[in-house]
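Below is one structure, written out as structure tokens; comments come after it.
Coordinate-derived values only; no laboratory data. Just so it is clear, the model here is predicted, and its values are computed rather than measured. In this analysis, Cβ positions are derived from the backbone assuming ideal geometry, glycine residues included, and neighbour counts consider all displayed protein chains.
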Amino acid sequence: MTADPDRELPDLLYALSHDLGAPLRVIDGFSEALLEEQQDALSPDALEYLTTIRGAVSRMNAMFEGIQQLHRITQAPLRRIDVDVTVLAEGIVAELRAAEPARDVRCSVERDLVASADPALLHVALTQLLRNAWKFTARRAGAVITVGREDRALFVRDNGAGFDSAAAARLFIPFQRFHSASEYDGLGIGLALVRRVVQRHGGRVRAAATPQQGTTVYMELS
């Protein structure tokens, strides 16, 4: 039987992320213990080195979790029903507001949005899109986020940081970033999760944006 390269690489990445998690947890645990027990004895340079090590380990763990989440989405059974997208989006927005009550963001969700989709997977995709919109409008006065439908596609639109549309093809590749970590946190895994969810539904996803004017991501579920 011929091996399927489209399955082999994701399975290999999943296995590597799973197996490398154990030694990373050892590094994280011992570096934390060293920091707690020897903090007063360490020089400022040694403290900085140790803090840098722990930050790098934390980032690697987050990347591995992203790989594992991609794999779980690929393997999860698909159960399509009519999903109330309006209620789903409003619930996610409510969670974002609760986490950052000081943010002043005008969120508009179109009424009576319904999609035939797996509710758990659609929740993953909408959460990623709304979190991104919330994050990339953080520096925008008068931030606006809109959830709606155009033709057959659901969309999430914001008036935030945006990006150069010429690079849109790279947007859905895991760990691709268009903004530095000092500007906006994150690993660049969220839109890869969105693409995987849409692919599971036999659909397509695309994005349109303008730097400093915002982004719209469209999900068309077949």
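Other residues lying with their Cβ under 12 Å from the Cβ of L221 contribute a combined charge of +2, Lys and Arg counting +1, Asp and Glu -1. Under conditions of 4 °C and 1.567 mPa s, the chain yields 67 µm² s⁻¹ as its translational diffusion coefficient, taking Rh as the Kirkwood radius over Cα pairs in the Stokes-Einstein equation. For segment 10-154, relative contact order (Cα pairs under 8 Å, six or more residues apart, normalised by length) works out to 23 percent. The 3J(HN,Hα) values that the Karplus relation (6.51, -1.76, 1.60; θ = phi - 60°) gives for segment 31-38 are, in residue order, 5, 5, 4, 4, 5, 6, 8, 10 Hz. Gly and Pro appear as x.
Around the amide H of V109, modelled in the peptide plane, lie the amide H atoms of V147, all under 5 Å away and 5 or more residues distant in sequence or on another chain. Based on DSSP H runs of at least 4 residues, each adding -39500 (n - 2.57), what is the mean residue ellipticity at 222 nm of the chain after dividing by all its residues, to the nearest 500 deg cm²/dmol? After summing the helix terms and dividing by the residues of the chain, the value is -17500 deg cm²/dmol.
Between R204 and Q38, the simple label model (points 7 Å from Cα in the Cβ direction) yields a spacing of 5.7 nm. Using only the Cα atoms of segment 111-154, build the gyration tensor, take square roots of its eigenvalues as a ≥ b ≥ c, and label the shape rounded, prolate or oblate: rounded if a/c is under 1.5, else prolate if a/b is larger than b/c, else oblate. Note, shape of segment 111-154 comes out oblate.
Computed on segment 83-146, with alpha-carbon pairs under 8 angstrom and 6+ residues apart, the relative contact order is 48 percent. Per-peptide packing, taken as the mean over residues of other Cβ atoms within 10 Å, places 39-45, 96-102, 111-117, 211-217 in the sequence 211-217, 111-117, 96-102, 39-45 from highest down. The GluC sites (Glu not before Pro) of segment 25-105 include none that meets both conditions, a loop assignment by DSSP and at most 11 other Cβ atoms within 10 Å of the site Cβ.
Under the convention that each Lys and Arg Cβ holds +1 and each Asp and Glu Cβ holds -1, the size of the dipole of the chain around its Cα centre is about 880 debye. Projecting the Cα positions of A168, I67, A56 onto the charge dipole of the chain (unit charges on Cβ atoms of Lys, Arg, Asp and Glu, taken about the Cα centre) puts A168 furthest along the positive direction. With K and R counted +1 and D and E -1, the other residues having a Cβ less than 11 Å from that of A76 yield a net charge of +3. Quick one: net charge around T86, please, counting Lys, Arg +1 and Asp, Glu -1 for every other residue with C-beta under 11 Å from its C-beta. That sum, taken over residues with Cβ under 11 Å, equals -2. Assuming charge only on the beta carbon of Lys and Arg (+1) and of Asp and Glu (-1), the dipole of segment 43-170 about its Cα centre is about 120 debye to the nearest 20.
How much of the pair distance distribution for segment 28-117 lies past 19 Å, counting alpha-carbon pairs only, in percent? Everything past 19 Å amounts to 68 percent. Computed 3J(HN,Hα) for segment 148-160, one whole-Hz value per residue from the Karplus formula 6.51 cos²θ - 1.76 cosθ + 1.60 where θ = phi - 60°, is x, 9, 10, 6, 9, 9, 6, 9, 10, 10, 9, 10, x, glycine and proline marked x.
Rounded to whole numbers, the Karplus 3J(HN,Hα) couplings from phi for segment 117-130 are 7, 6, x, 5, 5, 5, 4, 4, 5, 5, 4, 4, 5, 6 Hz, using 6.51 cos²θ - 1.76 cosθ + 1.60 with θ = phi - 60°, and x at Gly and Pro.
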